[in-house]
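Novice: Dumping the structure here so I can ask a few things about it.
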Amino acid sequence: MRVPTSRRHRRTTQRAAVQRRLHDERTRISQDLHDHVGAQLSAVLSGIDLARLSACGSVFPDSTAATLDRIEAHARAAMAHLRETVWALHHKTVPLPAFRDRLRRYAHGQVALRTDAPTTHCRLDTTALGKALPPVLAPMQALHLYRIAQEAILNALKHAGASRLDVGLIVTPNALKLVVRDDGCFAAEAPMQPIPSGYGLDGMRRRAERLGGGFSLTTEGGTTVRVTLPTNPVSASLSEKTAS
């Protein structure tokens with residue numbers, strides 16, 4: 001039975017109103033995080049700088065200097081996470097090329113901090129789609145997927161002793177796959193468990209599940225973290241689901 005034009009129009013109008021409210025709420029949250037949490041973290045970092053300046057000409061005890069260094073490192077890490085969250089929430093959708101580019105900057109930035117870091121490649125493979133445009137990510141999808149990739153990249157750099165790191169986004173007609181692969185050695189913190197744990201794996205698995213996707217880890221010939229998300233389509237409906 002055909003839906004009357006007036007009813008279709010009402011439904012379209014209602015969906016548009018819901019999307020506007022979601023967008024306004026994301027904007028409000030991101031602004032609140034920027035204005036309040038960001039200001040608090042900036043105050044912490046400024047306080048550390050002032051403490052060091054006030055001690056100019058004197059010498060901090062080693063324990064005090066180490067404590068200040070730790071506080072500063074935690075504050076800067078929290079600031080970076082805050083910026084990433086605001087970035088994701090600020091967008092109605094995140095195009096995959098933009099997501100790939102941000103992930104590439106993160107990976108290369110981490111690699112630059114290590115003298116023995118692996119050769120790193122970040123790619124977006126959309127060949128299976130032909131000329132069709134790749135799907136976009138909803139804000140919370142982008143954030144969860146980014147956090148999973150961050151954890152996997154850090155594990156490869158810190159624990160695997162890898163000489164090569166490959167970060168891939170692979171798009172097919174029905175799925176989006178994030179693959180983080182290295183050629184290093186993996187050792188689970190709880191090796192007797194049937195499912196490997198430690199190194200943030202539980203958190204990565206939970207994030208993938210929140211997105212309605214699958215998570216897998218293989219450790220043959222290196223370590224491969226793989227997340228598979230359905231793309232039918234990656235759209236505002238998942239944005240509503242993951243934001244709830």
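The values are calculated or read from the model by the stated rules, or taken from the named source; none is laboratory data. These figures come from a predicted structure and were not determined experimentally. Here Cβ is always computed from backbone atoms with ideal geometry, including for glycine, and neighbour counts include all displayed protein chains. Side chains included, ligands, DNA and RNA excluded: accessible areas come from the protein's heavy atoms. Shrake-Rupley method; radii C 1.70, N 1.55, O 1.52, S 1.80 Å.
Novice: I want to confirm something. Restricting to segment 210-244 and keeping residues that are assigned to a loop (DSSP other than H, G, I, E, B) and among the β-branched types (Val, Ile, Thr), which single residue is modelled with the highest pLDDT?
Specialist: Checked segment 210-244; the qualifying residue modelled with the highest pLDDT is THR219.
Novice: Among ALA88, ALA77, which is the only one that is part of a helix (DSSP H, G or I), open to solvent by 40 Å² or more (accessible area, probe 1.4 Å), under 28 Å from ASP202 (Cβ atoms) and at pLDDT below 85?
Specialist: Exactly one residue qualifies, and that residue is ALA77.
Novice: Looking at segment 117-166, which of the residues that are of a type in the set (Val, Ile, Thr) and at pLDDT 90 or above is nearest to GLY203 (Cα to Cα)?
Specialist: ILE148
Novice: Please work out if ALA107 is part of a loop (DSSP other than H, G, I, E, B) and at pLDDT 70 or above.
Specialist: So ALA107 does not fit the description; no.
Novice: A follow-up question, please. How many residues does segment 87-124 hold that are touching a residue at least 40 places away in the same chain (Cβ under 8 Å) and under 19 Å from the mean Cα position of the chain (by Cα)?
Specialist: 23
Novice: A further question on this structure: Say we look at segment 147-166 and pick out the residues that are of a type outside the set (Gly, Ala, Ser) and within 13 Å of the chain's Cα centre (by Cα); which of these is most open to solvent (accessible area, probe 1.4 Å)?
Specialist: It comes out as GLU151.
Novice: State all residues of segment 115-133 that are open to solvent by 60 Å² or more (accessible area, probe 1.4 Å) and outside any helix (DSSP H, G or I); if no residue qualifies, say none.
Specialist: Listed by number, the residues that qualify are THR115, ASP116, THR119, HIS121, ARG123, LYS131, LEU133.
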